[in-house]
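Shown next, in structure tokens, is the structure this report addresses.
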Amino acid sequence: MAKSYYLNAENLSSLPTNVAIPSYDRDQINTSILHVGIGNFHRSHQAHYIHELIDKHKELDFGICGVDLLESDRKIYNILKDQDGLYTLYTKEANGAHKAKIIGSIVEYFYGPENPLAVIERMASPEIKIISLTIAEDGYLLHEITGAFDINHPAVTEDIKNPFSPKTVFGYLTQSFKLRKLRNLPGCTVLSCDNIKSNGDTMKQSLHSYISKTEPELLDWVLANTSFPNTMVDRITPITNANDSSTLKQDFAIDDQWPVICEPFSQWVIEDKFIHTRPNWDKVGVQYTDNIAPFENLKLRLLNASHTILGILGTLHGYKTVYEAAQDDDFMQFLKLFMNNEVTPTLHDSDQESIENYKISLVARFQNPYINDQLFRICQESSAKIPVFILPTIKYHLQNGKNLKQAAFIIAAWAKYNDGVDDNDNPYEIIDTISNTLIRTAALSIQNPMKFIEIKAVFGDLSENKLFCSYYLKALELLRANKVKSCIQKWNLT
Ligand code: CS2
């Protein structure tokens, strides 16, 4: 194998000319963003926007301090340390053009479990103007049934007992805001970048509940000195696999322990609601808006819901990637019926032309043959995703229309998915916070199909709706007796 270079600051200039390296001096960057959750998505999305701002516009004021809080994040923290915060963004276009770019915008990194006080101090420092987050759906600690912040969550109880070595982001933010108040420092913007409905408002409500319970005298300061813009974030970012690392070595001479793979498309829409001056990120394509809802609905109900559909149906059939499922005409026909008849009527805040263009671009994105986006990734935590991605469409039709046939089929298919075996009798793992409930209830639903949609934490009172149940029961009966592909064919025709 040809020579490759271990990725770090020293080796940057040795990389071949087909690799784009930072054109800026990283020592000159000022850190003003602290980001919690340095996973693949943050690295393909926000950290890339900031890199572009520094690289193309020589704006040195938005360096990122990366923070990980979970035990499971130790590996990425160690790698970032080893690689001086550098990593490769490996973008794969559908036409086969692949680009490797070294991203340099993460200039500091902290690991909460190792030194929580250092994280609290850094969060409280006045240079930090934005604390951004990708903590995933379950990081918001919402109660399964009420949907409000779960103040009795075991992680919250722990943080209340040990306020100076917190585990949750709420514990960290609270301590850092206490320090800011005590030291008479300015507040900051908390920027949620997760795929949940009204992510900023949700974060705000959760944090306020936590503070009201733990430090009530801090609440007024937080109300006056922080803001929580809602955002819509988008870039398909699969799990990195070993092949990607070896191709990078071979084609680009980069030895990167954890590169990030992504599609060329990227979108970031942010509500214009910043504590300090609004960052000029629009120079690199960020859109600012006063109304996030149309962007959010379009993305969650079309892109994310379609992902979930391809994930569940594809896994049952034995496909492994979104690309494979998106090559299957029956699956795509199913998806188009869902998008056109069921989701489109719910999107009354968007004009018809942008909806149609968005749907066309989505299909092209799913059909990019080089993005091996794993159905396994998509299906993880479906119990948190389905209520955000699919149930709003169902609820709309329960009130305003009757088009919920495809959506009801998906819920039935999800019941079958939780049997854990595909149509070729190959088992797969169900990764979900409530996997025990899902697996047990799916088994019970063989005798009593209603059992599955009686999981209130996911479906609320959906099981009481006759129209929905009639489609769901028919679909589940069909799915229990036949392979998924033939069920889809039949269902598409009825
Ligand atoms: C996916 C998202 O996790 C999922 O279910 O739909 O991660 C999706 O790839 C991103 O939201 C794309 O922006």
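The values are calculated or read from the model by the stated rules, or taken from the named source; none is laboratory data. These numbers were taken from a predicted model, which means no experiment stands behind them. All Cβ positions, glycine included, derive from the backbone under ideal geometry; neighbour counts span all protein chains shown.
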Among what's in segment 390-401 and is hydrophobic (A, V, I, L, M, F, W, C) and more than 15 Å from the ligand (Cβ to nearest atom), pick the residue that is nearest to ILE312 (Cα to Cα). ILE394
Cβ pairs under 6 Å, 6+ apart or interchain, first in segment 277-291 and farther than 11 Å from ILE50 by Cβ, second of a type in the set (Val, Ile, Thr) and surrounded by 13 or more Cβ atoms within 10 Å (Cβ to Cβ), ordered by first then second residue, are GLN287/VAL269; TYR288/ILE270; THR289/VAL269
Tally time: how many residues in segment 357-389 are in a loop (DSSP other than H, G, I, E, B) and either over 25 Å from GLU324 (Cα atoms) or within 11 Å of the ligand (Cβ to nearest atom) (or both)? 4
Over segment 329-346, the set of residues without any contact (Cβ under 8 Å) to a residue 40 or more places away in the chain and of a type in the set (Asp, Glu) is ASP329
Going by the conditions given, is ILE120 part of a loop (DSSP other than H, G, I, E, B) and buried (at least 17 other Cβ atoms within 10 Å of the Cβ)? no
Test ALA413 against the criterion of being surrounded by 19 or more Cβ atoms within 10 Å (Cβ to Cβ) and either more than 22 Å from the chain's Cα centre (by Cα) or more than 16 Å from the ligand (Cβ to nearest atom) (or both), and give yes or no. yes
Given the structure, is THR237 at pLDDT 95 or above and assigned to a loop (DSSP other than H, G, I, E, B)? yes
When you look at LEU404, is it within 16 Å of the ligand (Cβ to nearest atom) and either in contact (Cβ under 8 Å) with a residue 60 or more places away in the chain or crowded, with 23+ Cβ neighbours inside 10 Å (or both), yes or no? no
Say we look at segment 1-29 and pick out the residues that are touching a Leu at 6+ places or on another chain (Cβ under 6 Å) and part of a loop (DSSP other than H, G, I, E, B); which of these is nearest to ASP244 (Cα to Cα)? LEU7
Give me the helices (runs of 4 or more DSSP H) completely within segment 409-465, filtered to those with at least 2 residues that are β-branched (Val, Ile, Thr), ordered by residue number. 435-447
For segment 193-204, state whether one or more residues are modelled with pLDDT of 95 or more, more than 28 Å from ASN291 (Cβ to Cβ) and surrounded by fewer than 23 Cβ atoms within 10 Å (Cβ to Cβ). no
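Residues are listed down the side, and each one gets a yes or a no for (1) within 16 Å of the ligand (Cβ to nearest atom); (2) touching a Ser or Thr at 6+ places or on another chain (Cβ under 6 Å); (3) polar (S, T, N, Q):
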site	(1), (2), (3)
ILE131	no, no, no
GLY147	no, no, no
ASP159	no, yes, no
SER165	no, no, yes
LEU182	no, no, no
PRO186	no, no, no
Hits in segment 236-260 (condition: within 12 Å of the ligand (Cβ to nearest atom) and buried (at least 20 other Cβ atoms within 10 Å of the Cβ)): ILE236, THR237, PRO238
Regarding segment 110-131, can at least one residue be identified that is closer than 25 Å to SER383 by Cβ and without any contact (Cβ under 8 Å) to a residue 12 or more places away in the chain? no
I'd like to check something: does segment 3-19 contain any residue that is touching a residue at least 12 places away in the same chain (Cβ under 8 Å) and surrounded by 22 or more Cβ atoms within 10 Å (Cβ to Cβ)? yes
Return the residues of segment 330-350 that are at pLDDT 95 or above, more than 19 Å from LEU479 (Cα to Cα) and not hydrophobic (A, V, I, L, M, F, W, C); say none if nothing qualifies. LYS336, ASN340, ASN341, GLU342, THR344, PRO345, THR346
Sort through HIS42, HIS35 and tell me the only one that's touching a Gly at 6+ places or on another chain (Cβ under 6 Å), surrounded by 23 or more Cβ atoms within 10 Å (Cβ to Cβ), of a type outside the set (Lys, Arg) and modelled with pLDDT of 95 or more. HIS35
